[in-house]
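One structure is given below, encoded as C-alpha cells.
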Amino acid sequence: MEEQIDILKTRRMSWDTVSRILEESVHELLGKKIRIRAWAEDTDYWGAIAQDYRFSLDDLNRLMDSVQANNTVRLRTLPEDDSTTNSFGMDLGELLLKRKLQANWSDWHIAKPCLWLLDYTSRQTHPYTTTGLLNSLAKDKLMCITDVKDHLYRNGCSDRALSEIREAYFEAFGHELCWRYPISDDLHLGAFVLVVQEGFLHIPYNNVDAEEYELLEMDDIALHNAESLDSFIADWDSFSTDLLDAMKAMRSRMPLTI
C-alpha cells in the first residue's frame with residue numbers, strides 16, 4: 001500500500017508520496033510548480049531535490065517562515081555560500097510535510113522504499129488536540145452555565161432539550177461541542193460533556209425515555225476539573241481496553257469469512 005495508518009499510530013509513506021506532498025506544499029507557498037524528488041540518503045537522513053529549479057535565499061526563507069522554522073533549521077537549510085540551491089534537507093522537509101498533512105509525529109524511521117512516521121497524529125485521528133479547536137472558541141458565543149440550566153429546565157430536562165443547544169452550537173461553530181460519555185461514573189448511568197463559557201459542563205443522566213431520550217439529573221450538573229477529567233479518562237481507557245480485547249478474543253474463535 002502507498003500509505004497506511006495502523007493501530008500503532010504509524011504512517012507509512014512511499015518516497016513518491018513524500019515527493020508529491022512536498023511539490024504541493026512548495027506550489028502553495030511559492031506559487032511555482034517545481035518537480036521534487038525525495039529519497040532516503042541513509043538510515044539517519046533523507047533529502048529533497050528540485051529536478052528543474054534552484055531555490056533562491058528568498059524562496060527558502062519564505063518556505064521556512066511559513067512553517068515557523070527555528071534558527072537550527074534555518075542554519076541547516078540555508079546554503080553556506082549564500083547562493084541558490086536545488087535541494088533542502090529533511091529539517092525543512094519534515095516541517096513542510098507536517099504543515100500539509102496537518103499532522104504531527106514523535107519520531108521517524110527511514111528506509112529505502114519508504115518513510116515511517118511514528119506515533120502519528122492528525123486531524124482525523126486527533127481532531128481536538130491536533131487542531132486546538134477547544135482553545136480557539138470565542139467565549140462570547142458560548143452559553144454560560146446559568147443559561148444552559150435555564151434552557152434545560154424550560155424544555156424538559158432531557159436530551160431532546162440539550163439537542164437544541166447542540167444544534168445552536170453547530171450553527172455557530174460547525175461542531176456540537178457536546179459529547180456523550182456512555183458508561184457509569186459509579187453515580188450515574190452516563191453523562192454528557194458540554195462546552196460552556198466557564199469550562200466543560202458535566203450533565204449526568206440515570207434514565208432514558210422512548211421519546212425524550214436521556215433524562216438529565218439537573219441537581220448533579222457541575223463543571224469538570226482536572227481531577228474529574230483524569231478519572232473519566234482512566235475509566236474510559238479501562239472500559240475500552242477490556243471490551244476491545246474481549247471482542248478480539250471472541251472474533252478469534254470464529255471461522256474466517258471468505
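Projected label points at Trp39 and Asp16, each 7 Å from Cα along the beta carbon direction, are separated by 1.6 nanometres.
What do you reckon, how do Asp209, Asp242, Asp185 stack up by accessible area (1.4 Å probe), largest on top?
My answer, sorted largest first, is Asp242, Asp209, Asp185.
Considering only Leu133, Gly93, Ser83, and ranking their Cα positions along the charge dipole of the range 79-140 that arises from unit charges at the beta-carbon of Lys, Arg, Asp and Glu, the one farthest toward the positive end is Leu133. When the surface is traced with a 1.4 Å probe over the full set of protein chains, His126 keeps roughly 50 Å² accessible. Highest mean first, the peptides 243-250, 222-229, 118-125 sorted by other C-beta atoms within 10 Å per residue fall in the order 118-125, 222-229, 243-250. For the range 90-224, the orientation-averaged shadow of the C-alpha convex hull comes to 11.5 nm² (one quarter of the hull surface).
In the range 1-135, the inverse of the mean reciprocal separation of distinct Cα atoms equals 15.5 Å; this is its Kirkwood hydrodynamic radius. In this structure, Asp219 and Glu198 have a Cβ-Cβ separation that, at R0 = 22 Å, corresponds to a calculated FRET efficiency of about 0.75. Computing Rg and the Kirkwood Rh from the Cα coordinates of the chain gives a ratio, Rg/Rh, of 1.11.
Angle, helix 159-173 long axis vs. longest principal axis of the chain, Cα atoms, 0 to 90°, nearest 10? For 159-173 against the chain, the angle is about 30 degrees.
Principal semi-axes of the equivalent ellipsoid, √(5λ) from the alpha carbon gyration tensor of the range 160-258, are 30, 18, 15 Å from largest down.
About the Cα centre, and with charges only on the beta carbon of Lys, Arg (+1) and Asp, Glu (-1), how big is the dipole of the chain? Nearest 20 debye, please. Walk me through the numbers on the way to the answer.
Working: 27 positive and 45 negative charges, 253 e Å.
Charge dipole, the chain, about its Cα centre: 1220 debye, nearest 20.
Here the dipole of the range 42-172 is about 520 debye; that uses its Cα centre as origin and unit charges on the Cβ of Lys and Arg (positive) and Asp and Glu (negative). The fraction of accessible area contributed by carbon and sulfur in the range 1-102 is 45 percent, rounded to a whole number (1.4 Å probe; ligands and nucleic acids excluded). With all protein chains in place and ligands, DNA and RNA left out, the 1.4 Å accessible area ranks Lys33, Lys9 as Lys33, Lys9, largest first. Pairs of Cα atoms under 8 Å, at least six residues apart: use those to get the relative contact order of the range 140-258, whole percent. In percent, rounded to a whole number, it is 19. With the highest mean first, a sort of the peptides 193-199, 104-110, 234-240 on other beta-carbon atoms found within 10 angstrom per residue produces 193-199, 104-110, 234-240.
Among rounded, prolate and oblate, which fits the range 36-79 when a ≥ b ≥ c are the square roots of the eigenvalues of its C-alpha gyration tensor, a/c under 1.5 means rounded, and a/b larger than b/c means prolate? Taking the square roots of the gyration eigenvalues as a ≥ b ≥ c, the range 36-79 is oblate. Classification of the range 190-248 by its C-alpha gyration tensor yields an oblate form. The axis ratio a/c (a ≥ b ≥ c) is 1.5 or more, and b/c is at least a/b. Hey, quick one: spin label on Glu227, modelled 7 Å out along Cα-Cβ, who in the range 178-193 has an amide N within reach, i.e. under 20 Å? Backbone N within reach: 185-188.
With a probe of 1.4 Å, find how much accessible area the chain has per residue, and write the answer as a whole number in Å².
I get 61 Å² per residue for the chain.
Between Asp58 and Thr131, the FRET efficiency estimated from the beta carbon spacing at R0 = 35 angstrom works out to 0.70. Between His151 and Lys248, the contour length at 0.36 nm per residue exceeds the alpha carbon distance by 30.6 nm.
The values are calculated or read from the model by the stated rules, or taken from the named source; none is laboratory data. In this text, all values refer to a predicted model and were calculated from it rather than measured experimentally. Note that each Cβ is placed from the backbone with ideal geometry, even for glycine, and that neighbours are counted across all protein chains shown. Ligands, DNA and RNA are stripped out before the accessible areas are found, and what is left, the full protein with its side chains, is counted by its heavy atoms. Shrake-Rupley method; radii C 1.70, N 1.55, O 1.52, S 1.80 Å.
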